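The values are calculated or read from the model by the stated rules, or taken from the named source; none is laboratory data. The structure displayed is predicted, hence computed values, not measured ones. Note that each Cβ is placed from the backbone with ideal geometry, even for glycine, and that neighbours are counted across all protein chains shown.
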Amino acid sequence: MTLEQQPISNNLPIATVLGKQWLEMPQDLYIPPDALEVFLEAFEGPLDFLLYLIKKQNLDILDIPIAKITAQYLEYIALMEGLRFELAAEYLVMAASLAEIKSRMLLPRPESVDEEVDDPRAELVRRLQEYERYKKAAENIDNLTRMERDTARACVELPEMSQTRPLPSVDLRELLVAFQEVLQRASLSQHHLVQMEPLSVRERMSHILQSLGPDLVPFHTLFNVTEGRAGVVVSFLAILELLRNAAIEIVQAEPMSPIYLRQIVIS
C-alpha cells in the first residue's frame, strides 16, 4: 500500500470539495507535468525587456553588443513559445529589427575615412534612452503619496457649542468689602471746611437712579469721596434701599471681580 492509499489515522479530511469531505487521496487524480510551472519575469514590452537585459549585464547602452543581445532576446522568444504564451506582435517586430541591425553590423564598412557612416544601433539606443526616462518618471510618480491609497482626507467639523455662563450672585460680604475700599479712599480726601450739609437718603436715591441706566456702571463711580464719610455712607444706604425696592441690579462677572450696577427697566 502506497502512502497515498493509506487512510488518515485521525479521520481528518484532507480536503473539502463542494461540501464533501475527502479522507483519502483520489486514485484517478492526474497532475500534468507542467502544472506547477511559474513564469516569473514579466515585461511591459520589447523595449522593457531589452533594457532589462542591458542593466542585468551592466552593459553600456551607448555601445550595445547587438550579437549577444539578439541571441538572448531570441532565447526569450523561444522560452515564451515553449511555455505556450501568446507573444505580442511587438516582440516579433523587435526580433526582426534586432536581426536587421545585426546583419547591418556584419556588413563591411567602406574604406573611405572621410565618409561618415551612421551607426545601425543609433535609433535603437535613442528609443531605449527615451523609454528609460519615461519609465524612471513613472516610477517616481508611483512612489509619490496618493490620496485614497496612502493617505485619506479627514473631514471633521466642530460641533456648535453654545455655552451660557451664569453670572455669580453678589454676596453681601463682597459688597461690604467694596464699600470698605470706598471708605478708605474717602478717608484720604479730607477737608477742614466745617459746614452743615443736609444729606437725604431719598434725594440720593433719586440721584443714583438718574446716574444709572440699562448699561452697567461701576460701583465706585456712584460715590463722591469729596463729600467725606457722611456722604459715602448716605450713598451706600441709598444703593441698599434701591436694591431692596428692586429698582437696581448688582452684577459681577466672577468672584472678587469689579461690581457693576444697572437700573432695572420694567417694560
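For the stretch 225-256, what are the residues that are polar (S, T, N, Q) and either farther than 13 Å from A178 by Cβ or not assigned by TED's automatic domain parsing to the domain that holds S200 (or both)?
Matches in the stretch 225-256: T226, N245.
Among the residues of the stretch 213-239, write down those that are closer than 16 Å to Q263 by Cβ and touching a residue at least 24 places away in the same chain (Cβ under 8 Å).
To start, the set of residues in the stretch 213-239 that are closer than 16 Å to Q263 by Cβ comprises 213-219, 221-222, 235, 238-239.
Correct list: G213, P214, D215, L216, V217, P218, F219, L222, S235, A238, I239.
For the stretch 137-160, does any single residue satisfy the condition of being closer than 22 Å to R262 by Cα and free of Cβ contacts under 8 Å to residues at least 12 places away in the same chain? Scanning the stretch 137-160 turns up no residue that is closer than 22 Å to R262 by Cα and free of Cβ contacts under 8 Å to residues at least 12 places away in the same chain. Looking at L222, L188, just one residue is modelled with pLDDT of 80 or more and aliphatic (A, V, I, L, M), and that residue is L222.
From the list I14, I77, the one residue that fits, being among the β-branched types (V, I, T), surrounded by 13 or more Cβ atoms within 10 Å (Cβ to Cβ) and at pLDDT below 80, is I77. Residues that are hydrophobic (A, V, I, L, M, F, W, C), at pLDDT below 80 and under 25 Å from M94 (Cβ atoms) within the stretch 22-63 comprise V38, F39, L40, A42, F43, L59, I61, L62, listed in sequence order.
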